[in-house]
Amino acid sequence: MAHRFNRHTFDEVMVPNYAPGAMIPVRGQGSRVWDQDNREYIDFAGGIAVNALGHCHPQLVQALTEQAGQLWHLSNVWTNEPALELAQQLCDLTFADKVYFANSGAEANEAALKLARRYAHDMHSASKDQIISFHNAFHGRTLFTVSVGGQAKYSEGFGPVPGGITHLPFNDIAALEAAISDKTCAVIMEPIQGEAGILPADPAFAQRVRTLCDQHQALLIFDEIQTGVGRTGTLYAYQNLGVTPDILTTAKALGGGFPIGAMLCTDEVSQVMGIGTHGSTYGGNPLACRVASEVLKVIADPTLLRGVQLRHQLFLDGLHTLSETYGLFRQIRGRGLLLGCELDERWRGQARDLLNQSLAAGLMVLIAGPDVIRLTPSLIIPEEDIQQGLDRFEQAIQQFLHLCTEEA
């Protein structure tokens with residue numbers, strides 16, 4: 001069937017920084033998606049950990065629809081009730097005393113990094129400017145955040161990049177002990193490195209980071225863009241690590257699909273960001289905040305969070321069975337519903353090929369680098385969809401291995 005818009009249209013009118021698949025989704029419900037030809041897919045991708053309550057969740061649709069009939073935008077010349085309610089929820093549910101709203105995870109991280117530099121400047125000295133990050137980290141696509149992120153491919157060709165940034169091996173306590181000093185203003189880390197291949201922080205490492213930050217009067221920033229809002233089975237991953245940051249960033253699932261980001265921090269740290277030091281035209285938008293407020297009301301329910309752990313086990317059981325049957329995966333790792341399946345050495349670099357075979361079998365998955373299949377489904381995905389999705393994943397694995405054999 002011919003369609004007015006297709007993949008060729010993308011090449012004609014869009015900047016070529018993405019390479020989307022040929023299939024164009026047009027409708028979603030729960031954990032199922034349909035394309036232009038009405039073909040159905042089970043969604044294990046979740047918009048890269050964004051669609052935490054699936055597609056078109058009725059409570060989110062109702063909240064958005066109601067707010068759309070009331071107030072869309074004001075700017076930060078005035079505040080608004082949805083923003084105040086959401087900020088109060090975030091403070092009540094976390095360590096935070098203060099909240100700053102943005103439009104994305106990158107913007108939230110930009111605000112966090114600027115806050116850390118400003119706090120060190122005002123409270124200590126202008127020379128206390130070192131930011132420590134970790135190899136293979138991902139913190140966004142602004143020039144500052146790609147520089148702090150530990151993947152050179154994202155900053156190549158955009159130099160000169162901001163300075164004062166040190167990258168260290170993740171989970172390496174000795175390396176951190178050697179690098180941190182009284183010149184360090186902040187350490188930024190993901191509780192689970194997402195784009196690096198779903199690599200969890202060792203609890204002992206995270207606790208040592210906290211101790212060293214305290215010793216050197218540096219701030220600890222947790223980037224929970226991907227791990228936050230129930231993804232790992234607690235509302236935020238820090239709550240299960242025994243480590244409390246000074247600053248936390250959150251986005252992705254916070255809006256359930258509606259763009260929003262937030263930076264959370266303590267009252268003490270917040271005070272250096274006086275009037276005019278930072279801002280965002282759309283930050284705190286009533287539409288986004290109203291939807292995000294509803295997301296938190298749903299996900300903060302202990303019953304729902306327990307359900308994430310139950311679904312985690314269902315996925316693990318199914319994935320380990322597939323791994324034992326086909327010998328495809330070297331390791332399956334992650335927490336909650338943030339899972340990574342690392343390909344065995346024999347199939348290194350072919351994660352995208354397996355993604356394509358999954359799509360052909362009617363299953364949407366993700367990759368995290370060239371060697372890892374990443375799964376970030378809805379936190380409330382029905383058990384039936386999990387099983388059917390794993391069945392389709394098995395079909396994809398069979399076809400993938402068949403093609404590999406033919407090519408050999």
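The values are calculated or read from the model by the stated rules, or taken from the named source; none is laboratory data. As the structure is a prediction and not an experimental result, all values here were calculated from the model. Note that we place each Cβ from the backbone using ideal geometry, even for glycine, and neighbour counts take in every protein chain shown.
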Item to check | From the options Asp43, Asp11, residue that is surrounded by 12 or more Cβ atoms within 10 Å (Cβ to Cβ) and of a type in the set (D, E, K, R) | outcome: Asp43
Checklist entry - Gln388 fails exactly one of the following numbered conditions: (1) of a type outside the set (A, V, I, L, M, F, W, C); (2) closer than 25 Å to Val33 by Cα; (3) crowded, with 19+ Cβ neighbours inside 10 Å. What is the number of that condition? => result (3)
Checklist outcome for this item: Given the conditions (1) of a type in the set (Gly, Ala, Ser); (2) under 24 Å from the mean Cα position of the chain (by Cα); (3) farther than 21 Å from Glu268 by Cα; (4) not in a loop (DSSP other than H, G, I, E, B), every one holds for Ala174 apart from (2)
Checklist entry - Could you give every pair whose Cβ atoms fall below 6 Å, whose first residue belongs to region 355-373 and is assigned to a loop (DSSP other than H, G, I, E, B), and whose second residue is among the hydroxyl-bearing types (Ser, Thr, Tyr) and crowded, with 24+ Cβ neighbours inside 10 Å, counting only separations of at least 6 or pairs across chains? => result Val365/Ser358
Next on the checklist: Checking the conditions here, which among Gly228, Gly242 is farther than 23 Å from Thr166 by Cβ, buried (at least 17 other Cβ atoms within 10 Å of the Cβ) and not charged (D, E, K, R)?
Outcome noted: Gly228
Checklist entry - Taking interchain pairs and intrachain pairs at least six residues apart, which have beta carbon atoms under 6 angstrom, with the first residue in region 1-28 and over 28 Å from Leu53 (Cβ atoms) and the second in a loop (DSSP other than H, G, I, E, B) and among the basic types (Lys, Arg)? => result none
Checklist outcome for this item: Only unsatisfied item for Arg141, checking (1) over 21 Å from the mean Cα position of the chain (by Cα); (2) basic (Lys, Arg); (3) part of a loop (DSSP other than H, G, I, E, B), is (1)
Next on the checklist: Can you tell me which residue is nearest to Ala237 (Cα to Cα) among those in region 57-90 that are of a type in the set (Val, Ile, Thr) and not in a loop (DSSP other than H, G, I, E, B)?
Outcome noted: Val61
Checklist entry - Does region 232-247 contain any residue that is charged (D, E, K, R) and under 28 Å from Ala83 (Cβ atoms)? => result yes
Checklist entry - Given the residues Leu93, Leu64, Leu86, which is the only one that is over 30 Å from Gln388 (Cα atoms), outside the structural domain of Val229 (by TED's automatic domain parsing), in contact (Cβ under 8 Å) with a residue 40 or more places away in the chain and of a type in the set (A, V, I, L, M, F, W, C)? => result Leu64
Next on the checklist: Looking only at region 275-299, count every residue that is over 15 Å from Glu85 (Cα atoms), within 20 Å of the chain's Cα centre (by Cα) and surrounded by fewer than 21 Cβ atoms within 10 Å (Cβ to Cβ) and tell me the total.
Outcome noted: 0
Next on the checklist: Quick check on region 265-272. Is at least one of its residues at pLDDT 95 or above and under 27 Å from Thr376 (Cα atoms)?
Outcome noted: yes
Item to check | Pairs where the first residue, in region 275-302, is touching a residue at least 24 places away in the same chain (Cβ under 8 Å) and the second is acidic (Asp, Glu) and part of a helix (DSSP H, G or I), C-beta under 6 Å, 6+ apart | outcome: Ser293/Glu85
Next on the checklist: I'd like to check something: does region 101-109 contain any residue that is assigned by TED's automatic domain parsing to the domain that holds Leu143 and over 21 Å from the mean Cα position of the chain (by Cα)?
Outcome noted: no
Item to check | Residues that are assigned to a helix (DSSP H, G or I) and either of a type in the set (Asp, Glu) or closer than 18 Å to Leu220 by Cβ (or both), drawn from region 91-104 | outcome: Asp92
Checklist entry - Do we have any residue at all in region 29-36 that's in a loop (DSSP other than H, G, I, E, B), in contact with a Gly (Cβ under 7 Å, 6 or more places away or on another chain) and within 22 Å of Val291 (Cβ to Cβ)? => result yes
